[in-house]
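Okay, structure first, notes after.
Bear in mind these aren't lab numbers, they're just calculated from the coordinates by the rules spelled out. This one's a predicted model, so the numbers in the text were calculated from it and none came from an experiment. We place every Cβ from the backbone using ideal geometry, glycine too, and count neighbours over all the protein chains shown.
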There are 2 protein chains.
Amino acid sequence: MENVRNMFQIMSRNFGLLSEQCCDSCCGQEVSLVQSHILYEINRQHNPSMQDIAVALGMDITTFSRQVKTLADKGFIKKSPHPSDQRITILSLTPEGLTVENAINLTVNTQLNGVLSTMSEFERETVLRSIQLFNDAMQRSATCCVPPK
Amino acid sequence: MENVRNMFQIMSRNFGLLSEQCCDSCCGQEVSLVQSHILYEINRQHNPSMQDIAVALGMDITTFSRQVKTLADKGFIKKSPHPSDQRITILSLTPEGLTVENAINLTVNTQLNGVLSTMSEFERETVLRSIQLFNDAMQRSATCCVPPK
DNA sequence: TAAAATTATTTGCATTTTGCAAGTATATAG
DNA sequence: CTATATACTTGCAAAATGCAAATAATTTTA
């Protein structure tokens with residue numbers, strides 16, 4: 001059993017730094033890293049509620065509530081009432097929010113593809129397949145990757 | 001060009017959640033996630049200065065300085081003067097700090113190995129080799145993974 | 001070699017983020 | 001209908017953040 005954590009820690013840190021940089025360079029200081037995660041996740045899910053996104057990101061709901069308010073005030077997120085349950089708020093990106101999310105997405109992808117371009121075609125495909133494999137395995141695991149509490 | 005960010009984003013988030021959980025379960029509220037990163041990095045480098053660690057983690061030096069103070073007060077870190085340059089502070093883990101770091105490391109590794117154990121031997125090796133490959137490629141890249149500013 | 005510029009770290013703020021406890025509002029169960 | 005549960009918001013108070021400025025120790029340079 002080698003030290004697996006090492007590799008993940010480094011990868012994770014690098015990706016985090018990259019994301020932060022992209023986040024800055026795309027849209028100035030308009031959105032923080034956590035806010036970009038929120039935009040990302042709203043864009044990925046289908047008509048998500050507040051809970052859905054907060055759970056997916058493993059964020060405390062009260063902190064999340066405030067971040068959503070900030071993003072809504074900035075005009076990047078729209079909060080709509082659930083049609084049949086008035087307690088629930090459905091989140092969606094506004095056109096401006098989508099623009100920001102797309103800009104970040106493009107920049108991150110460009111950076112990552114730049115890194116991947118230094119590999120052979122075979123290596124590149126192996127790497128991508130591996131990450132998918134690992135994500136699937138994480139998904140299957142019950143004990144880990146469950147948001148705290 | 002597929003959406004590479006997706007995979008990394010998910011992997012990174014999962015690993016982050018896992019680390020946070022491990023951090024909690026190992027040592028209660030004794031150390032936060034960022035503090036665990038600091039312990040990790042000090043343990044990895046050889047006689048690192050404050051700058052070394054702050055840069056490696058992409059942290060603002062002033063925030064870092066305070067976190068180091070907190071960890072030193074908790075007795076997990078020792079600050080020693082550099083032998084030939086009095087401006088520099090060399091960081092090291094105390095025995096207690098090392099114990100905490102080892103506990104976190106063990107827990108994270110155990111969790112990760114649990115996830116990996118659901119794969120075939122071949123898949124597992126491919127995944128680990130891939131991550132190493134990717135980290136190396138990140139290392140080579142000049143444009144990305146450079147701490148902001 | 002003395003003043004100027006550089007480097008490493010710390011401190012003073014003011015802002016932002018965080019999370020627990022408690023509150024409000026809506027829906028469901030008994 | 002009352003009681004309980006669910007979804008979200010607010011009131012704090014603590015922690016984390018980062019810029020500007022301070023301090024302290026080297027180097028550079030004129």
Looking at region B:110-124, which of the residues that are assigned to a helix (DSSP H, G or I) and of a type in the set (A, V, I, L, M, F, W, C) is nearest to B:Gln21 (Cα to Cα)? B:Leu112
Take B:Thr107 and decide whether it is part of a helix (DSSP H, G or I), without any contact (Cβ under 8 Å) to a residue 12 or more places away in the chain and more than 7 Å from chain A (Cβ to nearest Cβ). no
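Taking the stated definitions as given, is B:Gln111 away from DNA strand D (no atom under 16 Å from the Cβ), buried (at least 20 other Cβ atoms within 10 Å of the Cβ), among the polar types (S, T, N, Q) and under 19 Å from A:Gln132 (Cα atoms)?
Values: away from DNA strand D (no atom under 16 Å from the Cβ): yes; buried (at least 20 other Cβ atoms within 10 Å of the Cβ): yes; among the polar types (S, T, N, Q): yes; under 19 Å from A:Gln132 (Cα atoms): yes.
The answer is yes for B:Gln111.
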Within region B:19-35, can one find any residue that is more than 30 Å from A:Glu41 (Cα to Cα), part of a helix (DSSP H, G or I), in contact (Cβ under 8 Å) with a residue 12 or more places away in the chain and not acidic (Asp, Glu)? yes
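Kindly indicate which of A:Ser80, A:Ser92, A:Ser84, A:Ser65 is assigned to a loop (DSSP other than H, G, I, E, B), among the small types (Gly, Ala, Ser) and either within 14 Å of chain B (Cβ to nearest Cβ) or within 16 Å of DNA strand D (Cβ to nearest atom) (or both).
Numbers: A:Ser80 fails: assigned to a loop (DSSP other than H, G, I, E, B); A:Ser92 fails: assigned to a loop (DSSP other than H, G, I, E, B); A:Ser65 fails: assigned to a loop (DSSP other than H, G, I, E, B).
After applying the criteria, what remains is A:Ser84.
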Subset of region B:24-42 [within 11 Å of DNA strand C (Cβ to nearest atom) and of a type in the set (A, V, I, L, M)]: B:Leu33, B:Val34
Selection from region B:43-54 of residues in a helix (DSSP H, G or I) and either exposed (fewer than 14 other Cβ atoms within 10 Å of the Cβ) or within 12 Å of DNA strand C (Cβ to nearest atom) (or both) yields B:Met50, B:Gln51, B:Asp52, B:Ile53, B:Ala54
Check B:Thr89 against each of (1) under 21 Å from A:Asn14 (Cα atoms); (2) touching a His at 6+ places or on another chain (Cβ under 8 Å) and name the one condition it does not meet. (1)
Please go through region A:1-25 and pick out each residue that is of a type in the set (Ser, Thr, Tyr) and more than 7 Å from chain B (Cβ to nearest Cβ). A:Ser19, A:Ser25
Does A:Gly28 count as away from DNA strand D (no atom under 13 Å from the Cβ) and more than 10 Å from every other protein chain (Cβ to nearest Cβ)? no
